[in-house]
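Here is the structure we will look at, set down as structure tokens.
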Amino acid sequence: MSHIDTSWLQTFFALFTSARESRGRIEVKPLITDQSSWPRTTCGDVIAIAAVIDPHVQSLPDCFGSAGVIAQWSARLDEIERLALHDPDEIYPANRVFWRTLHMVCIFMNSLERRGPDSTKFEALIHQLDQPLALRNVGPKGDGPFKHFDAATYSVLYLEQFKHLRDARGFDNKDPEPGMAGAKKVIPRTTNGDVVALADYWSKQLDSVKKVFGHEGVERRWNAALASVNTIARPGDPYSVYPKNNAFWRDLQSTAIHVSVADESPSKGDMMLDSLKDSLKGLPESIQAGVNAVGKGAVSLASDIANGAGKIANEAGKGLFSGTGMPLLVGAGLVGMFLIARNRSKTEQG
């Protein structure tokens, strides 16, 4: 197999750029000390990326730092098995930590001057990431509190509201208080009235979006924040600074990001048939050859899916992923490669 004649850092930025341009990105950038951005990749995208990268991670030599890198990567693979298999067209809920770990892995392999991935698989992966997602009617409907913002997504709306209130009310750089996660953040000096308006607006949005992975945890934290709002801000002077702004804005940020991801995530079945149809129609011969190279199990898997079974055959996955009821032939067969490799790895470890 020929390997791409580029460094692993170039490999990472090629993947990152393709995913960001075709999928969009989640960006949390209102905080001077906590800037972050990551692609809004789908579950199918993440599975395909993992399928290409995993063999290189597993073949790392026993050297200083490799055990930690492999452990971090293995944790991401476990998350993919747990979070990404229900619907390949949904936005992957752990994109942020996945892309951070992928960056770390590529930096480490680059430092060892390891050869890049097989060119055929890499080109197939870039091809998948370059395919635009179907446009859907997502984003805020109508104006929220305060004023009109030109926001195509809820994450952008949150940033616009943040900047508006930061500039209008002033702000403080706040360290997390005991029990709070995160780093020092810019916290607007919002009033009781501001906080009530924000709480009412985002509570309505959280209640209306699909209940994707993580909803219960976000809802639990948000309800705790609402309890303080109802006790302190709602009966208080609307023009006085809300005393729990530090906790409120941290909880609001998490809630707004979750609302945005859930709003942009296709409902189950929205894109299922189109995904299978497009995958089969656009399957390049070179990628089919890559599937064949995995072995008889991979060919049986691809055949079962192509015939509409929509499940992992027991003989290929030993029952681990059977009965999922979804087409997994995304990434031009790379999903099957990922699942079979994971199953073999677990069998060997057992």
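The values are calculated or read from the model by the stated rules, or taken from the named source; none is laboratory data. These figures come from a predicted structure and were not determined experimentally. These accessible areas exclude ligands, DNA and RNA; they are computed on the full protein's heavy atoms, side chains included. Shrake-Rupley method; radii C 1.70, N 1.55, O 1.52, S 1.80 Å.
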Next item on the list: With a ≥ b ≥ c taken as the square roots of the eigenvalues of the C-alpha gyration tensor of the stretch 176-245, please select rounded if a/c is under 1.5 and otherwise prolate if a/b is larger than b/c or oblate if it is not?
Entry: oblate
Next item on the list: Work out how much length Thr231 to Ile70 would gain on full extension: take 0.36 nm times their residue separation and subtract the Cα-Cα distance, in nm to one decimal.
Entry: 53.2 nm
Item checked: Global form of the stretch 51-135, assessed from the alpha-carbon gyration tensor, a/c cut-off 1.5 -> oblate
Note to self: Please list His258, His103 from largest to smallest accessible area, probe radius 1.4 Å, with all protein chains kept in place.
What the structure shows: His103, His258
Next item on the list: Rounded, prolate or oblate: pick one for the stretch 85-219, where a ≥ b ≥ c are the square roots of the eigenvalues of its C-alpha gyration tensor, a/c under 1.5 means rounded, and failing that, prolate if a/b is larger than b/c, else oblate.
Entry: prolate
Check: How many Å² of accessible area per residue for the stretch 41-116, probe 1.4 Å?
Finding: 38
Check: Which percent of the accessible area of the stretch 45-135 is formed by carbon and sulfur heavy atoms (probe 1.4 angstrom)?
Finding: 54
